[in-house]
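The values are calculated or read from the model by the stated rules, or taken from the named source; none is laboratory data. As the structure is a prediction and not an experimental result, all values here were calculated from the model. Cβ placement follows ideal geometry from the backbone for every residue including glycine, while neighbour counts extend to all protein chains displayed. What goes into the accessible areas is simple: the full protein's heavy atoms, side chains included, and nothing from ligands, DNA or RNA. Shrake-Rupley method; radii C 1.70, N 1.55, O 1.52, S 1.80 Å.
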Amino acid sequence: MPAALTGVIFAMPFRAVISGTRLLAAALCLQLWSASAGAGEQEWQVLTVLGEAALQQKNFTLAEKQLAAALDEADDFGSGDPRLGRSLNNLATARNALGRTEAAEPLLRRALEIWQATPAGHELELAATLHHLAGIAYGKGDRRAAMASLRQALALREKALPADHAALARTRKSIATLER
């Protein structure tokens, strides 16, 4: 295991390791499976899996640490690489959950540039970024910008998802809330 990953995994709180044992095993299997990829790719994959797992467990401090390390790896992939966009979105999600919207917004704006430059195949990532930016705009009191972002996100999600999908319901609910 690369030294950078060893430090991240073993720096996790003990309960996070116990509750995430299956995720850790999956990440290690992923590393073995991706042995043909470059070292940066392997580290990015493992850090992303672990960071996303920490997000799901609502361990946002741990998620931020792992996702920041994943972003460091993704920066080497190039400015238009989808892995960079995913890393930016993930880290922004963790920082936003920690109440650090001022640190999340520039990450989302960078991700937005990536998704807008290559939207084909990344419509859902673009929609997620727009939805997150809408939340930040609303928090700043800019209801007009929030509504514009939500309407764009809804249009993208309506094209890509089944009508009963939870992401569509969340976007519609956010729009209805703003319209009131």
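If we scan region 126-146, do we find a residue that is open to solvent by 50 Å² or more (accessible area, probe 1.4 Å), of a type in the set (A, V, I, L, M, F, W, C) and assigned to a helix (DSSP H, G or I)?
Taking every residue of region 126-146 in turn, none turns out to be open to solvent by 50 Å² or more (accessible area, probe 1.4 Å), of a type in the set (A, V, I, L, M, F, W, C) and assigned to a helix (DSSP H, G or I).
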*Mind checking whether some residue in region 28-38 is at pLDDT 95 or above and either over 23 Å from Asn96 (Cβ atoms) or of a type in the set (Lys, Arg) (or both)?*
no
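Assess whether Gly40 counts as being over 19 Å from Glu125 (Cα atoms), of a type in the set (Gly, Ala, Ser) and open to solvent by less than 50 Å² (accessible area, probe 1.4 Å). Before you say what the answer is, go through the steps one by one.
On the way: over 19 Å from Glu125 (Cα atoms): yes; of a type in the set (Gly, Ala, Ser): yes; open to solvent by less than 50 Å² (accessible area, probe 1.4 Å): yes.
Yes; evaluated as a whole, the condition is true for this residue.
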*Which pairs have Cβ atoms under 9 Å, sit 6 or more apart or on different chains, and link a residue in region 142-167 that is more than 14 Å from His131 (Cα to Cα) to one that is among the small types (Gly, Ala, Ser) and part of a helix (DSSP H, G or I)?*
Ala160/Ala127; Leu161/Ala127; Leu161/Ala167
*How many residues does region 147-170 contain that are among the charged types (D, E, K, R), open to solvent by 60 Å² or more (accessible area, probe 1.4 Å) and part of a helix (DSSP H, G or I)?*
4
_Condition first: open to solvent by 40 Å² or more (accessible area, probe 1.4 Å) and among the hydrophobic types (A, V, I, L, M, F, W, C). Now tell me which residues in region 69-99 satisfy that._
Phe77, Ala97, Leu98
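State which residue is farthest from the chain's Cα centre (by Cα) when the search covers only region 62-102 and only residues that are of a type in the set (S, T, N, Q) and in a helix (DSSP H, G or I).
Thr101
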_Given the condition open to solvent by less than 50 Å² (accessible area, probe 1.4 Å), out of contact with any strand residue (DSSP E or B) (no Cβ under 8 Å at 6 or more places or on another chain) and charged (D, E, K, R), answer yes or no: does some residue in region 101-113 qualify?_
yes
